[in-house]
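Heads up: the structure comes next, in structure tokens.
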Amino acid sequence: MFFISVPNDMHKNQEVNSSMLNNQPAQKLKVILHAPTGNALQRARNNARNLKKATPDAEIRIIVNAEAVATALDTVEADTDMMTWVCPNTLAKLNRELRTPLTLLQNPAILELVLMQQSGWTYIRA
């Protein structure tokens with residue numbers, strides 16, 4: 001939701017759902033939160049919690065690579081771990097085992113990020 005200015009026949013600053021602007025039905029949100037660092041992972045987890053609270057039916061994936069992989073493996077966060085997907089290249093480089101409920105990406109994180117954006121996911125760098 002966001003606020004916009006509207007013609008005089010409507011109240012100013014009326015709350016408007018973005019789908020109302022196009023006269024289209026609301027689509028399910030599909031959001032990628034990209035976290036390449038430990039600090040970015042913490043922000044992504046907070047963002048995921050806040051988005052789920054505001055939009056419970058949103059589909060959210062936290063994609064971790066680089067430094068964030070070790071952080072994800074070492075810090076359990078039950079409410080966001082099920083949304084967390086791990087780069088296989090970084091996992092192999094670290095010579096670590098994936099823990100549940102984290103999910104291993106099928107491809108390197110960079111390729112998955114591109115493919116997901118091409119299929120309609122919204123990318124946010126945490």
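Quick notes
- Interatomic Cα distance distribution for region 45-86, bins of 10 angstrom, percent: 29, 55, 16
- Region 29-126: trypsin sites (Lys or Arg not before Pro) in DSSP loop, at most 12 other beta carbons within 10 Å: R99
- Compared with the alpha-carbon gap, the fully stretched path from L111 to R99 is longer by 2.1 nm at 0.36 nm per residue.
- In order along region 90-101, the phi-based Karplus estimate (6.51 cos²θ - 1.76 cosθ + 1.60, θ = phi - 60°) of 3J(HN,Hα) comes to 5, 4, 5, 4, 7, 6, 10, 9, 6, 10, 7, x Hz; Gly and Pro are listed as x.
- Each principal axis of region 79-125 carries a Cα extent, and these read 31, 26, 18 Å when sorted largest first.
- For K28, the aspartates and glutamates whose Cα comes closer than 13 Å to its Cα, not counting residues fewer than 8 places off in the same chain, are D57, E59.
No lab work stands behind these numbers, since they all come straight from the coordinates. The structure displayed is predicted, hence computed values, not measured ones. So basically every Cβ, Gly included, is an ideal-geometry build from the backbone, and we count neighbours across all protein chains shown.
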